[in-house]
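Asker: My structure is below; once you've seen it, I'll send some questions.
Please treat every number below as a calculation from the coordinates, not as lab data. In this text, all values refer to a predicted model and were calculated from it rather than measured experimentally. All Cβ positions, even for glycine, are placed from backbone atoms using ideal geometry, and neighbour counts span all protein chains on display.
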Amino acid sequence: MNTNVISPDTGERLLDMIKDGAMVLDRAGTIIWANRAIRDLLGATDALRGCRLGDLLMASVPTETLLADRSAPSGRSKWLVATAIRSGTELLVSTQYRPQTEEFTVVARPFTSAVSNFDRVISFATRDDVTQLMNRDAFEERLSAAIERNEAGCVICADVDQFSTINEVYGHAEGDALLRAVAHRTRSSMGVDLQVARLYGGRFAAFIAADSDEAAQRLAGETSERLHHVMLPLFSICGGVQPISFSIGVARWRVDGVSADDLLAAAETAVHSVRAGSDKTRWFESAMLAERRRFFETEAELRLAIEQNALTLHYQPKVSAADLSIVGFEALVRWNHPTKGMISPGFFVPVAEQSNLIIDLGRWVLREACRQQAEWRAQGLKLVPVAVNVSPQQLLSQPISVLLAPLTEYGIDLDLLEIEITESAMMDRLPMATKVIESLRQSGLHISIDDFGTGHSSLGNLRRLPIDVLKIDRSFVEDIDRSQEAYDIVATIVAMAKTMSLNLVAEGVETIEQAKLLQAHGVDVMQGYLFHKPMPGDAAGRLLGSATGQADTF
Ligand code: C2E
Ligand code: CA
Ligand code: CA
């Protein structure tokens, strides 16, 4: 009897006992047989027979390349570092073709630090080294393969809101830690079936394959809901906690594009159309491309306008409710466009806010307001404070000393400049904004909360903010003589402001009835077309010079 021969059953049992993962594939790459170790390594719960290697492993090159060249001399192995899609385990995989049986033997073991640097380099090429998720290249490759294999599917692109600001304010180490926390939450909530990648910055992506468009859309809808949901608990950043959210864009295979490249671009376009106050998930529509193109054109033109000094400031007087004397101005930016004429900030400020242009624009506005003050002073006019509107990005992106440099340059006192920040912008970024506002306040600047009443701030939050002025939003002023609700809201805001010793400004006052009610409520300052419209600097200067001629009653 030949003792070297063992029965097939015993052989399989012995192979199940070895630590290395082993499997045999037919010449088309379908698994014929797999041992227990490889099932564990791949995180497979079912038998692997009939599965394809490419569905189980992910690598920087298609796993099929391991099987492509059957002419390699027998006994010579091909090697690859790959990630088991289900378990996420990093594996070193080798294949060997056996011409006699026309089969491949595949051996896999966990990839450890003992493996050579060369192989690590291959692994790094597929991974994002901050989050250990797939990187963009690996994602696009897997997506291309999935588009080829499946009828329907969706690409989901999820952008961490304000990520670049967080990076700037708290530093890159905190930014990276946040990305890891986000990656961890998304990965653990998504299960093993959904592959998540980080594309760059705070931008993540995933795709879903399905049998039909309906199924794909339903799954993508559920997935984006889940992604928003996992972000709900606060994140810890720099020892404090912050609310962090995603904006999500979704693109459908074959409907919105055919290649991985097109689909990713479509999903990213959809992300850009998420606006403050809009739905946080947007599905790609072709109209978004035109909108995006318009956005880029406006941005480019605006950049030029800032460089070429084609912006101008108009000044709207604020009057005392007691005697209607001018107690300040609000500076409002205008764009004198060569073909379109005077463009309102409602059109271009949101474009600037979505790009870093708002920082340049804000810097120009502040400097111009100081220059104007210096000009009025040179004309011998009695100066009043000028309020400038600032966006939080502008405050957060530069040191206070840089922000305030124009004051020094033109020798303007701190109490002649006021900063207006909208309530909603402030509340969206409360912990960060508080930090910056505190330092602004410490420098002696006056801070005003704009559009107050629209941003849902709590009294508690307000008390913590070192502010001086509340500007009651125009919508309440507009309705004060028509709606009991608006009347009551104004009364509440006034009572609250009084307990906190804040000054109250009512904006958008258009009628005498509104003005009388506001005066009766105890509002300190009024601003609106009833008194003055915004006007160029020279007209504002003339008005300042003749300010004594104001009527003191209605
Ligand atoms: P805002 O800060 O709430 O400015 C008040 C807006 O109401 C101005 O519109 C002003 O012209 C308008 N207004 C004033 N009185 C009345 C009135 O009695 N009735 C009506 N219907 N409207 C009145 P504008 O100049 O078009 O500015 C729109 C917004 O653009 C501003 O709203 C502000 O949020 C933003 N903005 C303006 N200038 C700047 C700037 O320099 N930087 C930044 N970041 N934002 C700016
Ligand atoms: Ca304002
Ligand atoms: Ca306002």
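Asker: Using a cut-off of 13 Å between alpha-carbon atoms, which aspartates and glutamates can reach Lys19, once sequence neighbours fewer than 8 places away in the same chain are excluded?
Answerer: Here the aspartates and glutamates satisfying the reach criterion relative to Lys19 are Asp40.
Asker: Ranking Arg49, Arg367 by Cβ neighbours within 10 Å, fewest first, what do you get? Let's see the in-between values first.
Answerer: Values: Arg49 11, Arg367 15.
By the 10 Å Cβ count, ascending: Arg49, Arg367.
Asker: Between 0 and 90 degrees, rounded to the nearest ten: what's the tilt of helix 357-378 against the longest Cα principal axis of the chain?
Answerer: Taking Cα atoms only, the helix is inclined about 20 degrees.
Asker: Next question, about the same structure. Under 19 Å from the Cα of Lys280, which aspartates and glutamates turn up, not counting those fewer than eight places away in the same chain?
Answerer: Here the aspartates and glutamates satisfying the reach criterion relative to Lys280 are Asp159, Asp161, Glu222, Glu225, Glu268, Glu291, Glu353, Asp428.
Asker: Using the 10 angstrom Cβ neighbour count as an exposure proxy, how do Thr101, Thr83, Thr422, Thr89 rank, fewest first?
Answerer: Numbers: Thr101 12, Thr83 23, Thr422 20, Thr89 17.
Arranged by neighbour count, lowest to highest, Thr101, Thr83, Thr422, Thr89 become Thr101, Thr89, Thr422, Thr83.
Asker: List the lysines whose Cα lies under 19 Å from the Cα of Lys471, skipping any in the same chain that are fewer than 8 positions away.
Answerer: In chain and number order, the partners are Lys318, Lys498, Lys516, Lys533.
Asker: If you don't mind, there's one more thing I want to ask. Cα centroids of the range 230-257 and the range 457-491: how far apart, whole angstrom?
Answerer: The distance from the Cα centre of the range 230-257 to that of the range 457-491 comes to 31 Å.
Asker: State whether the range 374-511 is rounded, prolate or oblate according to the following rule on the C-alpha gyration tensor (a ≥ b ≥ c being the square roots of its eigenvalues): a/c under 1.5 gives rounded; otherwise a/b larger than b/c gives prolate, and the remaining case gives oblate.
Answerer: Values: a/c = 2.29, a/b = 1.41, b/c = 1.63.
It comes out oblate by the Cα gyration axes.
Asker: What share of the DSSP beta bridges in the chain is antiparallel, in percent to the nearest 5?
Answerer: Numbers: 65 of 92 bridges.
Bridges in the chain that DSSP calls antiparallel: roughly 70 percent.
Asker: Going by average Cβ density within 10 Å per residue, which order do the peptides 36-48, 463-475 take, highest to lowest?
Answerer: Values: 36-48: 16.5, 463-475: 19.4.
Descending packing order for the listed peptides: 463-475, 36-48.
Asker: Tell me the angle of helix 8-17 to the major Cα principal axis of the chain, expressed in degrees between 0 and 90 and rounded to the nearest ten.
Answerer: 40 degrees
Asker: Ok, one more. What ranking do 208-221, 260-273 get when scored by the average of other Cβ atoms within 10 Å per residue, highest first?
Answerer: Working: 208-221: 17.0, 260-273: 21.2.
Packing order, densest peptide first, comes out as 260-273, 208-221.
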